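First comes the structure, then the notes that go with it.
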Amino acid sequence: MGYEIDHIFVLTDAGAPAADALLQLGFTEGPPNRHEGQGTANRRFFFDNAMLELLWVESVEDASGPVARPLLLAQRWIGRSNSASPFGICLRPNNAQTILPPFECYEYRPSYFPEGLVAHIGQGTPLSEPLWFFMAHSRRSQASPLKPHPAPEHRIGVSSITEVTITLPGTPSPITNAAAAACGVEVRERGTVLGTVKAWPGDADVVESQAQRPALTVPARDAPHDVRAGTKERPHGTNKGTAPIRRER
């Protein structure tokens with residue numbers, strides 16, 4: 001069986017002001033969306049191989065309702081600056097043989113899904129770790145009910161998400177180990193960067209010049225609320241299109 005990342009969500013302040021920082025960096029924003037019955041809304045950035053979703057809770061009542069309650073989105077959103085992970089990572093198959101996720105799951109069928117569409121949600125994911133889920137009907141370079149829009153051209157020059165790194169407060173749970181290994185997400189323990197999404201190709205000079213502008217404002221637990229973008233060196237100058245979520249010390 002084979003898997004790859006379909007999309008990543010980051011829980012942000014209402015209205016996702018962090019999206020404005022991405023616009024300043026040269027990314028092109030796609031159309032937003034609202035999830036009726038789930039109580040959430042988003043701003044989205046599409047790439048050739050995946051989508052970055054800046055997500056917030058509009059209705060705690062709906063997010064805590066009987067359908068969406070198992071996702072714990074309300075708890076994740078309220079606790080995103082403290083003990084809860086603000087991330088969610090959706091996997092999809094990269095071949096016709098893969099029809100089930102690499103972890104224990106339950107089916108999720110919210111009212112805004114078209115008939116027949118189902119998400120498989122990771123069972124028992126700790127709040128301190130990303131919400132893992134799987135969409136069997138999603139494919140790369142193929143429009144889907146959740147991604148009906150083609151990737152636009154980004155002024156910064158990036159086209160694809162090439163690397164995702166998540167930092168946890170402790171040892172990863174079995175579900176995170178299994179999901180991360182299946183889709184190539186790097187998991188670290190007790191670092192100063194909550195998460196990093198890297199895209200290629202890009203303009204390193206543009207990224208470096210914007211390095212001190214506010215980025216995805218998701219402070220790590222026990223960290224000041226001054227969260228800034230930055231770049232992390234990689235061999236051979238491949239740190240292009242990088243905007244990690246970093247906590248300052």
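Nothing in this text is a laboratory measurement; each read-out follows from the coordinates by a stated rule. Small disclaimer: the values here were computed from a predicted structure and weren't measured. Neighbour counts run over all protein chains shown; Cβ positions are idealised from the backbone, glycine included.
Expressed as a whole percent, the proportion of Cα-Cα pairs in the range 3-134 lying more than 27 Å apart is 17%. Distance between the pseudo-spin-label points of Asn49 and Asp20 (7 Å out from Cα toward the beta carbon): 3.2 nm.
Counting 0.36 nm for each residue step from Ala181 to Ile99 and taking away their Cα separation leaves a gain of 27.8 nm. Close amide H contacts of Glu4 (hydrogens built in the peptide plane, cut-off under 5 Å, sequence separation of 5 or more or a different chain): Arg92, Asn94. Residues of the range 55-92 with an amide N closer than 20 Å to a point placed 7 Å from the Cα of Asp13 along the Cα-to-Cβ direction: 55-60, 74-87.
Secondary structure note: in the range 3-134, about 70% of the DSSP beta bridges are antiparallel.
Between amide H atoms placed 1.01 Å from N, distances below 5 Å from Glu163 occur with Lys198, all of them 5 or more places distant or on a separate chain.
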